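The values are calculated or read from the model by the stated rules, or taken from the named source; none is laboratory data. As the structure is a prediction and not an experimental result, all values here were calculated from the model. FYI the Cβ positions are ideal-geometry reconstructions off the backbone, even for glycines, and counts take in every protein chain you see. Ligands, DNA and RNA are stripped out before the accessible areas are found, and what is left, the full protein with its side chains, is counted by its heavy atoms. Shrake-Rupley method; radii C 1.70, N 1.55, O 1.52, S 1.80 Å.
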Amino acid sequence: MKYPFDKLFLVCTGERCNAETRGIECGVNIRDLLKDHNKKMGRKPTVRVVSVSCLDLCDHGPNMIVDGIVYSHLTRETAKAVYDAVMGDGPTRDDLQLSEAEFRAGNSAAAKR
């Protein structure tokens, strides 16, 4: 069976993306805002906003992955802008994508191929 949703927004709610030092701009609050926005847009039947416990990109968080693209250093406002862009409701936000250079310079546990 093919997964029955058109889009998945994977929001990191791991320890560092959700640290108290991030205040209201933490992963859980980003996820909650996007879930509410998704529902208000009437897209819940076809688009899911979900938590992941860690994306191993902690140096760059809060992070979100959509369609294999990593968006980093997010706030609630910029995460919503990414959602709107991906869904065709706003301008693209390539400026919020994690760059290859920044990824390679970080201490991520993810493989640097």
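What the table below lists for this structure:
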read-out: Relative contact order (percent, whole number), the chain, Cα cutoff 8 Å, 6+ residue spacing; value: 27 percent
read-out: Simple Cβ-charge dipole of the chain, Lys/Arg +1 and Asp/Glu -1, about Cα centre, in debye nearest 20; value: 480 debye
read-out: Candidates per trypsin sites (Lys or Arg not before Pro) in the stretch 66-97, loop by DSSP, up to 13 other Cβ within 10 Å; value: none
read-out: Solvent-accessible area per residue for the chain (1.4 angstrom probe, square angstrom); value: 58 Å²
read-out: Karplus-derived HN-Hα couplings along the stretch 91-107 (A = 6.51, B = -1.76, C = 1.60, θ = phi - 60°), whole Hz, x at Gly and Pro; value: x, 4, 10, 4, 5, 9, 6, 5, 7, 4, 5, 5, 4, 5, 7, x, 9
read-out: If the convex hull is drawn through the Cα atoms of the stretch 1-71, its volume per residue in Å³; value: 84 Å³
read-out: Accessible surface of the chain [probe 1.4 Å, protein heavy atoms]: carbon and sulfur percent; value: 51 percent
read-out: Anchor LYS39: aspartates and glutamates whose Cα lies under 18 Å away (excluding residues fewer than 8 positions away in-chain); value: ASP6, GLU77, ASP84, ASP89
read-out: Two-site FRET efficiency, GLU77 against ASP56, from Cβ-Cβ distance with R₀ of 25 Å, rounded to 0.05; value: 0.50
